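Student: Quick one: the structure is below, questions incoming.
The values are calculated or read from the model by the stated rules, or taken from the named source; none is laboratory data. All values derive from a computational prediction rather than experimental measurement. For neighbour counting, all protein chains shown are included, and Cβ atoms are generated from backbone atoms with ideal geometry for every residue, glycine included.
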Amino acid sequence: MSIIAWNRYPLVSQNTQAKSWLLLQTNLASNTIDAYGRALNDYLAFCARCEIVPAAATNEHLSLYVSDLTSRPHKLNANVCPPNSSPGLSNATLQQRLTAIRLFYDYLVEEGVRGVNPVGRGRYTPGKGFSGKRDRGLIPRYRKLPWLPTEEEWRKVLEAARSEPLRNRLMLAMSYDAGLRREELCSLTTSDLDPAHQLITIRAETTKSRQSRVVPYSSSTAALYAAYLQERRALTRSGGPLSLSISRRNRTLPISIWTWSKVVRGIALSSGVARFTTHTPRHLCLTDLARAGWDIHEIATFAGHRSTQTTLLYIHLSGNDLAQKLQQGMTAIHSWRMEALSELFNENQEACDGVRED
C-alpha cells in the first residue's frame with residue numbers, strides 16, 4: 001500500500017471527495033499515486049481560479065481546462081523543447097491528466113454525487129458502421145518518437161556525472177546497465193544484488209507491472225558497486241536500502257525518487273543536455289539491446305513488460321539504424337538474387353552447349 005504525501009497535493013487534501021478518491025488508489029504504485037495527485041491538484045487549482053465547483057463541472061468547463069493545458073509555456077527550460085514545437089503540455093501528459101480527472105468523476109458518478117461524467121472518453125460502440133465505431137475523446141491521442149541522446153550528448157552526460165558522488169555515479173550506471181525504472185532503482189537493497197554472478201533481483205512490489213525479474217549488470221558497474229560498498233560502510237554496516245543519503249538532515253536514510261530526479265536534473269543542466277531525465281538511460285538501454293539484435297520477447301523480459309506492445313513503445317531506432325538494417329537486408333537479398341540468376345545462367349549455358357555438341 002502506497003503512502004500519500006498530502007503536502008504535495010494541498011488542494012486535494014482539502015477537498016473531501018477528492019481526498020476520498022485518492023485514498024482508494026493506495027494499492028497502486030507510488031508513482032501512479034503521485035501522478036494522479038498532481039493531476040487532480042492542478043485541476044482543482046484551475047477550478048478555484050475560474051470559480052468552478054468541481055463536483056458540478058460541465059463539458060464546457062472541461063474544454064476550458066484542456067484549452068488552458070494546451071496553452072501553458074513549458075515550466076522547465078526552453079532548451080527542453082524543440083524551437084518549432086507548439087506550447088503547452090505534451091500529448092502524453094495531457095492524456096495522463098485527463099485520465100486522473102476522468103477516474104475522479106467516475107467515482108463521483110458511482111457515489112451518486114452526479115449523473116454523468118463530463119470527461120469524454122474514446123468508446124467502442126457496436127453496430128455503428130463496419131466493425132463498429134469509436135467515439136472521440138476530449139483530445140486526440142498520438143504518440144511521438146521517444147527522445148534519445150546522440151553519442152555526443154551521452155558523452156556530455158557522462159562527463160558531467162564524473163564530478164558526482166560515487167553513489168550517484170553507481171545509480172546512473174545501474175539505471176542504464178540494467179534498464180531500471182526510477183522507483184526500481186531507488187528501492188534496491190543490498191540483498192537484491194548478487195556480486196558473484198553480477199545479477200540484480202528486481203522485487204515485484206517495486207515494479208510497475210508487479211512482476212519480479214532478474215537482470216545482469218556489467219563488470220564496469222560491478223567495480224563501481226564494490227567501491228561504493230566501501231564508502232557505504234562508513235555510514236552503516238547494516239544491510240537495507242542500497243543508496244543512502246549523506247546529508248546531515250537525512251543521513252543514512254534511503255534516497256527517494258524525488259531526490260534522484262533532482263540529481264539527474266542537475267546532471268542534465270550541467271551537461272547542457274536539458275532533455276535528459278531519469279527515464280532516458282532505460283530508454284537508451286532497451287534501444288541498444290534492439291540494436292544489438294536482441295529478440296523483442298527477450299527485451300520485454302529484460303524490461304519487465306507484460307506486453308511486447310509496451311516494449312515497442314520504448315524501443316527507438318533512428319533513421320540511420322533503419323537505413324543500415326535496410327542496406328544489410330537488401331545486400332543479402334541482392335546476393336541471393338544474383339546467385340540464383342548466376343545458377344540459371346549456368347544452366348542455360350550448359351543447355352546451349354549441349355545443343356551445339358549435338
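Student: How many residues are under 15 Å from ALA223 (Cα atoms) and in a loop (DSSP other than H, G, I, E, B) when one looks only at the stretch 179-195?
Tutor: Result for the stretch 179-195: 1.
Student: Now, a different point. Scanning the stretch 270-295 for residues that are closer than 16 Å to ARG155 by Cβ and polar (S, T, N, Q), which turns out nearest to the chain's Cα centre (by Cα)?
Tutor: The extreme case among them is THR280.
Student: For the stretch 278-312, name all the residues that are modelled with pLDDT under 90, part of a loop (DSSP other than H, G, I, E, B) and buried (at least 16 other Cβ atoms within 10 Å of the Cβ).
Tutor: The answer is TRP294, GLY304, HIS305.
Student: Among the residues in the stretch 222-233, are any outside the structural domain of ILE33 (by TED's automatic domain parsing), outside any strand (DSSP E or B), at positive phi and touching a helix residue (DSSP H, G or I) at 6+ places or on another chain (Cβ under 8 Å)? Spell out how you get there, then give the answer.
Tutor: Initial filter on the stretch 222-233 (outside the structural domain of ILE33 (by TED's automatic domain parsing)): 222-233.
Next cut, outside any strand (DSSP E or B) only: 222-233.
Then keep just the ones that are at positive phi; that gives none.
Within the stretch 222-233, not a single residue is outside the structural domain of ILE33 (by TED's automatic domain parsing), outside any strand (DSSP E or B), at positive phi and touching a helix residue (DSSP H, G or I) at 6+ places or on another chain (Cβ under 8 Å).
Student: Considering only the stretch 252-269, I want to know if a residue exists there that is within 22 Å of ASP288 (Cα to Cα), within 22 Å of the chain's Cα centre (by Cα), of a type in the set (S, T, N, Q) and surrounded by fewer than 17 Cβ atoms within 10 Å (Cβ to Cβ). Quick ask: steps written out before the conclusion?
Tutor: Quick first cut of the stretch 252-269, residues within 22 Å of ASP288 (Cα to Cα) only: 264, 267-268.
Next cut, within 22 Å of the chain's Cα centre (by Cα) only: 264, 267-268.
Next cut, of a type in the set (S, T, N, Q) only: none.
No: zero hits.
Student: All but one of (1) touching an Asp or Glu at 6+ places or on another chain (Cβ under 8 Å); (2) not in a helix (DSSP H, G or I) hold for ARG210; state the number of the condition that does not hold.
Tutor: Only one criterion in (1) touching an Asp or Glu at 6+ places or on another chain (Cβ under 8 Å); (2) not in a helix (DSSP H, G or I) is unmet by ARG210, namely (1).
Student: Here are some residues: PRO87, PRO126, PRO118. Which one is in the same structural domain as TYR65 (by TED's automatic domain parsing) and at pLDDT 75 or above?
Tutor: Numbers: PRO87 fails: at pLDDT 75 or above; PRO126 fails: at pLDDT 75 or above.
Only one candidate passes the filter, namely PRO118.
Student: I need every pair where a residue in the stretch 236-249 that is in a loop (DSSP other than H, G, I, E, B) has its Cβ under 8 Å from the Cβ of a residue that is among the basic types (Lys, Arg), sequence separation at least 6 or different chains.
Tutor: LEU242/ARG232; SER243/ARG167; SER245/ARG251; ILE246/ARG167
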